[in-house]
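Student: Dropping the structure in here first, questions after.
The values are calculated or read from the model by the stated rules, or taken from the named source; none is laboratory data. Just so you know, these numbers come straight off a predicted model, no measurement behind them. Methodologically, a virtual Cβ is constructed for each residue, glycine included, from the backbone with ideal geometry; neighbour enumeration extends over all protein chains shown.
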Amino acid sequence: MTLKSIIPMKDISLKELLTFEKNFSNVTMAILTVALVAFFLAGAVMYFIDGHHAYNVSRTHPWGLIIAMYVFFVVSSTGLCIMSSIGHVFGIKEFEIIGKRAILGEIITISTGFIVIALEIGHPVTMIIYNILTPGFTSAIWWMGTLYGAYLVFIIFEFIFLVRENHKWSKFFGLGGLLVGLAAHSNLGAVFGFLIARPISNGVFFPIYFILSAMITGSYLLFLMYGFRYKMNFPKEVEIMLVKLAKILGLLLGILMFFEIWRMFTSIYGGMPGRAEVAWHVLGSSNFLIGEVLLGMVIPFIVILASKGKNIKGMVWASILGMVGIFFMRYDLVHDTQLMPLQTLKIREYQLPPTFIEYFPSFAEIGVSIGGIGVCLVMYYLADKLFNLDHN
């Protein structure tokens with residue numbers, strides 16, 4: 001039994017695999033991808049030589065940029081899963097065309113997330129072994145890893161059956177992947193929501209917020225994937241789908257902004273120690289105001305509102321800014337959670353008042369994290385060459 005008998009692939013030579021049309025956008029993407037992969041390899045080599053000493057994480061700030069980038073990739077995967085299910089699982093005709101491309105995107109983004117986090121975990125192989133031998137049923141992180149592993153299996157089978165045009169089983173695995181993905185992703189939000197010692201994160205907000213922001217991320221990625229696929233010259237059916245997607249995205253962005261306003265109000269109200277100070281610090285930071293709010297929410301929302309969702313080319317460009325904003329959302333999520341240091345319980349000894357923890361990622365962290373985008377692009381390029389991802 002060969003791989004082609006399991007999953008249909010194009011008959012393509014190595015030369016054809018590495019050959020592409022030499023236009024400006026393709027050459028630019030090729031150069032950018034090679035640079036990002038080189039960046040990733042440089043960061044990985046530094047990690048293999050020096051271990052965690054290559055990173056700027058510490059006992060007071062144990063989660064760094066790599067954790068944020070892991071969240072970025074798995075959020076992207078879950079978002080594509082939710083948006084692809086609109087057509088593939090729930091049968092909304094206009095969205096059926098995104099099935100193969102979106103599902104492949106799910107597999108690639110979560111695989112990239114696993115690759116990135118493997119360079120943060122000290123012993124990933126040991127982790128997998130003891131994840132099975134000694135399961136931690138009370139641990140949100142154990143459930144996150146287990147559910148995401150099951151999610152990856154579901155979406156791989158979904159893609160295989162979809163490529164084989166077996167819609168009965170692809171829909172079955174698609175529904176399973178959606179349910180497990182939602183459980184995994186809300187559980188990832190609970191990893192932060194369960195942090196009793198970190199008042200800025202603790203609560204019910206993040207499990208819900210993670211699902212909402214995932215749908216927005218998936219929408220941005222679909223605009224980028226189809227904008228690049230058709231070089232801004234969209235067929236009629238794709239244009240119809242993207243206009244409807246823009247309207248859905250506008251609604252989601254409106255809800256997200258509403259969520260963020262009330263998150264900040266409830267964090268500041270009452271001046272709770274360890275919560276209100278951090279919230280005020282976040283509200284004054286450029287990462288939040290420019291990155292999260294302006295790029296991640298306001299500009300795409302204005303583009304949608306001004307054109308009633310019909311400015312598809314504008315939405316592709318706005319989605320680039322949106323994804324930059326999504327990155328800052330993930331980075332701020334991790335960093336802001338650890339801004340206020342934990343205090344020891346001392347009753348006989350004086351200790352200095354807490355000050356905000358400073359953290360800036362090292363070259364190795366930046367290389368592994370940002371370079372992970374290059375790894376993701378390489379996998380997407382190869383898959384696009386090997387499989388027919390357009391709707392039949």
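Student: What pairs can you find where one residue is in the range 18-44 and touching a residue at least 12 places away in the same chain (Cβ under 8 Å), the other is among the hydroxyl-bearing types (Ser, Thr, Tyr) and surrounded by 14 or more Cβ atoms within 10 Å (Cβ to Cβ), and their Cβ atoms are less than 7 Å apart, with a gap of 6+ or different chains?
Tutor: none
Student: Restricting attention to the range 273-289, report how many residues are assigned to a helix (DSSP H, G or I) and without any contact (Cβ under 8 Å) to a residue 24 or more places away in the chain.
Tutor: Filtering the range 273-289 down to residues assigned to a helix (DSSP H, G or I) leaves 276-283, 286-289.
Next cut, without any contact (Cβ under 8 Å) to a residue 24 or more places away in the chain only: 276, 280, 283, 286, 289.
Matching residues across the range 273-289 total 5.
Student: Which residue pairs have Cβ atoms under 6 Å apart, sit 6 or more places apart or on different chains, and have a first residue in the range 51-66 that is more than 19 Å from Pro341 (Cβ to Cβ) and a second that is among the aromatic types (Phe, Trp, Tyr) and part of a helix (DSSP H, G or I)?
Tutor: Close Cβ pairs (under 6 Å, with a partner that is among the aromatic types (Phe, Trp, Tyr) and part of a helix (DSSP H, G or I)) amount to Ala54/Tyr47.
Student: Among Val27, Val45, Val37, which is in contact with a helix residue (DSSP H, G or I) (Cβ under 8 Å, 6 or more places away or on another chain), at pLDDT 80 or above and β-branched (Val, Ile, Thr)?
Tutor: After applying the criteria, what remains is Val37.
Student: Within the range 245-268, does at least one residue satisfy the condition of being surrounded by 19 or more Cβ atoms within 10 Å (Cβ to Cβ), over 30 Å from Tyr380 (Cβ atoms), in contact with a Leu (Cβ under 6 Å, 6 or more places away or on another chain) and not small (Gly, Ala, Ser)?
Tutor: Within the range 245-268 (the criterion being surrounded by 19 or more Cβ atoms within 10 Å (Cβ to Cβ), over 30 Å from Tyr380 (Cβ atoms), in contact with a Leu (Cβ under 6 Å, 6 or more places away or on another chain) and not small (Gly, Ala, Ser)), the answer is no, since none of the residues qualifies.
Student: Residues that are among the polar types (S, T, N, Q), surrounded by 12 or more Cβ atoms within 10 Å (Cβ to Cβ) and within 21 Å of the chain's Cα centre (by Cα): does the range 33-52 have at least one?
Tutor: yes
Student: Under the condition of being part of a loop (DSSP other than H, G, I, E, B) and touching a residue at least 24 places away in the same chain (Cβ under 8 Å), which residue from the range 218-272 is nearest to Ile92 (Cα to Cα)?
Tutor: So the residue we want is Phe234.
Student: Just to be sure I understand, how many residues within the range 154-202 are touching a residue at least 24 places away in the same chain (Cβ under 8 Å), in a loop (DSSP other than H, G, I, E, B) and within 30 Å of Leu342 (Cβ to Cβ)?
Tutor: Selection size over the range 154-202: 7.
Per-residue answers, yes or no, for (1) aliphatic (A, V, I, L, M); (2) modelled with pLDDT of 95 or more; (3) part of a helix (DSSP H, G or I):
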site: Gly309; (1), (2), (3): no, no, no
site: Gly322; (1), (2), (3): no, yes, yes
site: Asp332; (1), (2), (3): no, no, yes
site: Thr344; (1), (2), (3): no, no, no
site: Tyr359; (1), (2), (3): no, no, no
site: Leu389; (1), (2), (3): yes, no, no
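Student: Those residues that are hydroxyl-bearing (Ser, Thr, Tyr) and more than 8 Å from the chain's Cα centre (by Cα), I need them from the range 72-100; list them, please.
Tutor: Selection gives Ser84, Ser85.
Student: Test of understanding: among Phe223, Phe210, Phe206, which residue is surrounded by 20 or more Cβ atoms within 10 Å (Cβ to Cβ), farther than 22 Å from Ile103 by Cα and touching a helix residue (DSSP H, G or I) at 6+ places or on another chain (Cβ under 7 Å)?
Tutor: Being surrounded by 20 or more Cβ atoms within 10 Å (Cβ to Cβ), farther than 22 Å from Ile103 by Cα and touching a helix residue (DSSP H, G or I) at 6+ places or on another chain (Cβ under 7 Å) holds for just one of Phe223, Phe210, Phe206, which is Phe206.
Student: Regarding Val282, is this residue within 30 Å of Glu237 (Cβ to Cβ) and surrounded by 15 or more Cβ atoms within 10 Å (Cβ to Cβ)?
Tutor: On the way: within 30 Å of Glu237 (Cβ to Cβ): no; surrounded by 15 or more Cβ atoms within 10 Å (Cβ to Cβ): yes.
Here the answer is no, as Val282 does not meet what is asked.
Student: Can I ask one more? Can you run down the residue pairs with Cβ atoms below 6 Å, 6 or more apart or on separate chains, where the first is in the range 126-153 and without any contact (Cβ under 8 Å) to a residue 60 or more places away in the chain and surrounded by 15 or more Cβ atoms within 10 Å (Cβ to Cβ) and the partner is of a type in the set (Ser, Thr, Tyr) and not in a loop (DSSP other than H, G, I, E, B)?
Tutor: Going by the 6 Å Cβ cut-off, there are no qualifying pairs.
Student: Related question: Tell me which of these Trp280 doesn't satisfy, since it passes every other one: (1) modelled with pLDDT of 90 or more; (2) over 22 Å from the mean Cα position of the chain (by Cα); (3) more than 20 Å from Phe192 (Cα to Cα).
Tutor: (3)
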